[in-house]
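The values are calculated or read from the model by the stated rules, or taken from the named source; none is laboratory data. The structure presented is a predicted model; accordingly, all values stated were derived computationally and were not measured. Counting neighbours? That spans all protein chains shown, and the Cβs are built from the backbone with ideal geometry, glycine included. For accessibility, only protein heavy atoms count, side chains too; no ligands or nucleic acids. Shrake-Rupley method; radii C 1.70, N 1.55, O 1.52, S 1.80 Å.
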Amino acid sequence: EISALALLSADRMAVLQSKLLSIVDHKKQVVLQQISLSDSSWSLGSNPDGDWLAVGDNRGKISVYQSADVGDFVLSSEASVHQGSVTSICFEANELRFYSAGSDKKLFSTHAQGALQPLDKGRSSNHDKTINSILLGKERFFTASSDTTIKSWAYAGGQPVTFKDCNTKLTDIAPILYRDKPCLLAVGTD
């Protein structure tokens, strides 16, 4: 069962299946590399250039992998970041940082290079339940949660704006155009 996918550089794609991370050439449809993981992992993110990967497991550990010059991905660093499973990972657009969320209801921002030292982005403004999805926007980024809310966060800080009219436990969000205007599509459990 595939739990997450991420696009990579050079026509590659990362495919996460519980305890196995596969790097595949999606044009040639061939497996280039397989990495065995010690714990079940359900979240995966790649940077926009596609040469860095972050994998979050069910114990709160995040492992970061790097690929230099389209070679194999090698472990760069790893650390226990969350208490409980990592539920979502999303790399920032312009920096080598990623946001991560976990069943501990925390939202962190972490630099991918070097020792993983997460910064508490949510502080006292976290969701009441697990964040299931993180989505980057142009001026803000968004989180969707099982608490039936979407939060809109400024990249530079400040308090998030909370949208409470979702009426379902949210599992994912995606950007769409509706009548030529940018909107969020929210997916719920019911």
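When the range 4-39 is limited to residues that are surrounded by 15 or more Cβ atoms within 10 Å (Cβ to Cβ) and among the small types (Gly, Ala, Ser), the one that is farthest from GLY71 (Cα to Cα) turns out to be SER18.
Would you check if TYR155 is buried (at least 17 other Cβ atoms within 10 Å of the Cβ) and farther than 24 Å from ASN58 by Cβ?
Yes: the conditions hold for TYR155.
Looking across the range 40-84, the residues that are open to solvent by 70 Å² or more (accessible area, probe 1.4 Å) and among the hydrophobic types (A, V, I, L, M, F, W, C) come down to TRP42, VAL70, VAL74, LEU75.
The single condition among (1) free of Cβ contacts under 8 Å to residues at least 40 places away in the same chain; (2) touching a strand residue (DSSP E or B) at 6+ places or on another chain (Cβ under 7 Å) that GLY71 does not satisfy is (2). Checked against the criterion of being among the charged types (D, E, K, R) and without any contact (Cβ under 8 Å) to a residue 12 or more places away in the chain, the candidates LYS129, LYS138, LYS121 yield just one match: LYS138. Restricting the range 100-124 to residues that are surrounded by 15 or more Cβ atoms within 10 Å (Cβ to Cβ) and small (Gly, Ala, Ser), which is nearest to VAL74 (Cα to Cα)? In this case the residue turns out to be ALA112.
Of the residues making up the range 37-57, those that are within 15 Å of SER3 (Cα to Cα) and over 14 Å from the mean Cα position of the chain (by Cα) are LEU37, ASP39, SER40.
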